[in-house]
Amino acid sequence: MTRRSVIAAARRSAVMPRGGAFARLEVHDLAAPVIRALLRDADLAPDRVDELILSNALGGGGNPARVAALAAGLPLRVAGLSIDRQCCGGLDAIVQGDALIRAGLADIVIAGGAESYSRRPLRLRTDPDGGEARAYDRPPLPLARPRPRDGSGRRGADPAHGDLARGSG
């Protein structure tokens, strides 16, 4: 028998520009008070939570959901699941939480997204030919239309992403 899931509470942090009031806060520092507020709104004790699922596209790896769970005071058994989905990751986290509940694998799931553009790691793309690594702000996303190929058989540079959007034939 399929179980039903409901959204018992919804919260979000304030939105600040890069370098603004939240510039010195890490992702878990932004997420933890929101998680605690959700628990208060839903009248739930932290030990009732089975899972925390957070989308985080700008993090440097690891498991930001785990760190946020610990910072929010969730039980150690809540491992935390981080999703790097780029677009719509927070919604995907909610869908995953719904699936866990409907499948009977969890009773209470906190799900959403957490980002800190101000605290994102610096990323470098290495040059396979041994040249200097190049910094980038976001991963190269596939183009809606393929760029024309240059004489070497590689696609031309995408102005929005520099040379990072070039691919081999």
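Any read-out appearing in this document is the output of simple, stated calculations on the displayed coordinates, not a laboratory observation. Predicted, not measured: the structure shown is a model, and the values here were computed from it. Ideal geometry is used to build each Cβ from the backbone, glycine not excepted, and the neighbour counts take in all protein chains shown.
Taking Lys and Arg as +1 and Asp and Glu as -1, the other residues whose beta-carbon sits under 11 Å from that of ILE110 total +1. Available extension along the chain between ARG18 and GLN86 is 22.7 nm, counting 0.36 nm per residue and deducting the alpha carbon span.
Amide H to amide H, with H built 1.01 Å from N, ILE108 comes under 5 Å of ASP50, GLU51, counting only residues 5 or more places away or on other chains.
Take 36-49, 70-83 and order them by the average number of nearby Cβ atoms within 10 Å per residue, most first; the result is 70-83, 36-49. Spin-label model, ASP107/ALA37: points 7 Å from Cα along the beta carbon direction are separated by 2.7 nm. Backbone amide hydrogens, once placed in the peptide plane, bring ARG123 within less than 5 Å of TYR136, excluding anything fewer than 5 places away on its chain. Remark: LEU30, LEU122 ranked as LEU122, LEU30, counting other beta-carbon atoms within 10 Å and listing the fewest first. For a Förster distance of 35 Å, can you work out the FRET efficiency between the beta-carbons of ARG11 and ASP129, rounded to the nearest 0.05? The computed FRET efficiency comes out at 0.15.
Karplus-derived 3J(HN,Hα) values for segment 19-36, using 6.51 cos²θ - 1.76 cosθ + 1.60 with θ = phi - 60°, are x, x, 4, 9, 4, 8, 8, 7, 4, 5, 5, 7, 6, 4, x, 5, 4, 4 Hz; glycine and proline are entered as x.
Ordering 106-117, 13-24 by mean Cβ neighbour count within 10 Å, with the highest value first, yields 106-117, 13-24.
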